[in-house]
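What follows is a set of notes on a single structure, which appears directly below.
The values are calculated or read from the model by the stated rules, or taken from the named source; none is laboratory data. Small disclaimer: the values here were computed from a predicted structure and weren't measured. Because the Cβ atoms are built from the backbone with ideal geometry, glycine has one as well, and the counts that use them run over all protein chains shown.
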Amino acid sequence: MLLAQLSDLHITAPATLAYGRVDTAAAYLTRVIDVLSALDPRPDDVLVTGDLTDDAGGINEYRHLRALLERLKLPWHLLVGNHDDRTNLRAAFSGRAELGRDGFVQYAFDAGEVLRIITLDTLEAGASAERLCASRRAWLEAQLDASRDRPVLIGMHHPPFDCGIGFMDAIRLAPDHSHALDALLRRHSNVARIVCGQCASIGRSSRASRYDRVVRTVDDASGCVRSETWRARCLRDGAARVRAASVAQGNRHCHSTA
């Protein structure tokens, strides 16, 4: 199976610009949707890892985003980031049962015949650092316990490690919560990767080999791990950056799961 990741869309209300200067809808998301729709083979699913809107999750921004995503003729799933609002998200995307009716926006779904994807909610309104509290971690552990016989990919907005960008590291997942997450994951060897958003450039710490922003999905047929990212660039073997267009031309690489 093939998984596409989009992140930090920062969609504004119609006829407005992000930060007063960037048309995130027409200049970016619309073009990305066109690229995704033209890919051959096409992704089996699209994971959108938070910061869906730009102005703290305004209802008109979410309505605009929904209108844009309805052009995407692929399955897609949404996560929340620090620019999002759970209530307005659910109101604008009514009918998306996976988002739930209240509480945290966390859910799990199957991608292809093998991979299980678990999405986490790291939003903590008004906090200086983002959170993955005990109740959210307990939910995650229950999901992992139920998926021990298959590979799992976890999606979340905030990286659980420093990326090296000061103002981004200030709003990363809180270090104590990152340590708790690490301890939890060490009990579940079937977690293949964590896919994150948030950072404007790709970063990883020396202990973050399993927490990078590269999508590494398990190939149904061979059992190898395929690295893909669909935003603007990706990492190949943890170093080389290439344009997403090259992926569309068949530049793919498999990594051993060992």
Subset of the stretch 81-111 [among the acidic types (D, E) and within 16 Å of T49 (Cα to Cα)]: D84, D85, E98
Residues of the stretch 80-105 satisfying the condition of being hydrophobic (A, V, I, L, M, F, W, C) and either touching a residue at least 12 places away in the same chain (Cβ under 8 Å) or assigned to a loop (DSSP other than H, G, I, E, B) (or both): V80, L89, A91, A92, F93, L99, F104, V105
R31 vs. criteria over 23 Å from R136 (Cα atoms) and assigned to a loop (DSSP other than H, G, I, E, B): no
Candidate set: the stretch 152-164, residues that are at pLDDT below 95, over 15 Å from N82 (Cα atoms) and out of contact with any Ser or Thr (no Cβ under 7 Å at 6 or more places or on another chain); chosen: the one surrounded by the most Cβ atoms within 10 Å (Cβ to Cβ): C163
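Examine the stretch 96-106 for a residue that is modelled with pLDDT of 90 or more, of a type in the set (D, E, K, R), over 28 Å from C133 (Cα atoms) and more than 18 Å from the chain's Cα centre (by Cα), and state whether such a residue exists.
Looking through the stretch 96-106, none of the residues is modelled with pLDDT of 90 or more, of a type in the set (D, E, K, R), over 28 Å from C133 (Cα atoms) and more than 18 Å from the chain's Cα centre (by Cα).
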Enumeration of residues in the stretch 54-71 that are of a type in the set (A, V, I, L, M, F, W, C) and surrounded by 20 or more Cβ atoms within 10 Å (Cβ to Cβ): L65, L69
Evaluation of V114 against (1) crowded, with 16+ Cβ neighbours inside 10 Å; (2) more than 15 Å from T49 (Cβ to Cβ) (one fails), failing number: (1)
Exclusive hit being surrounded by 15 or more Cβ atoms within 10 Å (Cβ to Cβ), farther than 17 Å from R193 by Cα and hydrophobic (A, V, I, L, M, F, W, C), set L74, L120: L74
Selection status of D44, at pLDDT below 90, of a type outside the set (S, T, N, Q) and touching a strand residue (DSSP E or B) at 6+ places or on another chain (Cβ under 7 Å): no
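Go over the candidates T53, T16 one by one and state the one that is closer than 29 Å to F167 by Cβ, at pLDDT below 95 and within 20 Å of the chain's Cα centre (by Cα). First the steps, then the outcome.
Details: T16 fails: within 20 Å of the chain's Cα centre (by Cα).
Going through T53, T16 in turn, just one is closer than 29 Å to F167 by Cβ, at pLDDT below 95 and within 20 Å of the chain's Cα centre (by Cα): T53.
Out of all the residues in the stretch 23-35, which are touching a residue at least 24 places away in the same chain (Cβ under 8 Å), surrounded by fewer than 16 Cβ atoms within 10 Å (Cβ to Cβ) and among the hydrophobic types (A, V, I, L, M, F, W, C)?
V35
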Out of R101, R90, R86, sole residue that is out of contact with any strand residue (DSSP E or B) (no Cβ under 9 Å at 6 or more places or on another chain), under 22 Å from I117 (Cβ atoms), of a type outside the set (A, V, I, L, M, F, W, C) and surrounded by 18 or more Cβ atoms within 10 Å (Cβ to Cβ): R86
Given (1) part of a strand (DSSP E or B); (2) modelled with pLDDT of 95 or more, number of the condition A67 does not satisfy: (1)
Residue tally, condition outside any strand (DSSP E or B) and surrounded by fewer than 20 Cβ atoms within 10 Å (Cβ to Cβ), over the stretch 11-22: 8
Criterion violated by G81 - all others in (1) surrounded by fewer than 18 Cβ atoms within 10 Å (Cβ to Cβ); (2) under 23 Å from M168 (Cβ atoms) satisfied: (1)
